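FYI, it's all coordinate maths here, none of it is from the lab. Values in this document were obtained by computation on a predicted structure and should not be read as measured data. All Cβ positions, glycine included, derive from the backbone under ideal geometry; neighbour counts span all protein chains shown.
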Amino acid sequence: MAEAVSRLHIVTEGTPQPQGSTRVFMHAGKPKITTDNARLKPWRKHIVMAAWMAMGDVDWKTTEAPVLVSLSFAMPRGKTVKRRWHTVKPDIDKLTRGVLDALTTAEVYRDDSQVIALTVTKFYAEVDQPGVCIHVMEVESQ
């Protein structure tokens, strides 16, 4: 029997950025890697910094255990948007990819392959404060 223990709670502000597929191309005879979003790198760095701050609060050590992750993306609402739900781009899977990779960089876990369950929601921010709320739970065997 396994039990999940809440270990880390991170709240970041800022406009969530999608992480699309990376592309490799040759430049001057050397391979170069690019993504399709220039704002992704600062967004991921922001998440890494927030994770480090949260990890310091709970004396976190990089886990090797399976983890459960919950992500809640608060997206900015345009001034003329009337719809209730955020059903437009960016796609929820691409938003998720950037956060999970940032948590790997922050050494919350060794690799995002350790995520065995994932809950993700995407909605409009109520007071124009976009961001993401991240909850990581470690699965411990008994």
| The listed residue being surrounded by fewer than 16 Cβ atoms within 10 Å (Cβ to Cβ), without any contact (Cβ under 8 Å) to a residue 12 or more places away in the chain and over 16 Å from Trp43 (Cα atoms), out of Asp111, Asp128 | Asp111
| request: Out of Ala74, Ala51, Ala117, report the one residue that is free of Cβ contacts under 8 Å to residues at least 60 places away in the same chain, within 25 Å of Val5 (Cβ to Cβ), touching a strand residue (DSSP E or B) at 6+ places or on another chain (Cβ under 8 Å) and outside any loop (DSSP other than H, G, I, E, B). | output: Ala117
| field | Output for segment 87-114, where each listed residue is in a loop (DSSP other than H, G, I, E, B) and under 16 Å from Gly14 (Cβ atoms) | value | Pro90, Ala106
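Per-residue answers, yes or no, for (1) among the hydrophobic types (A, V, I, L, M, F, W, C); (2) surrounded by 15 or more Cβ atoms within 10 Å (Cβ to Cβ):
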site	(1), (2)
Val5	yes, no
Ala28	yes, no
Lys45	no, no
Thr62	no, no
Leu68	yes, yes
Asp101	no, yes
Ile116	yes, no
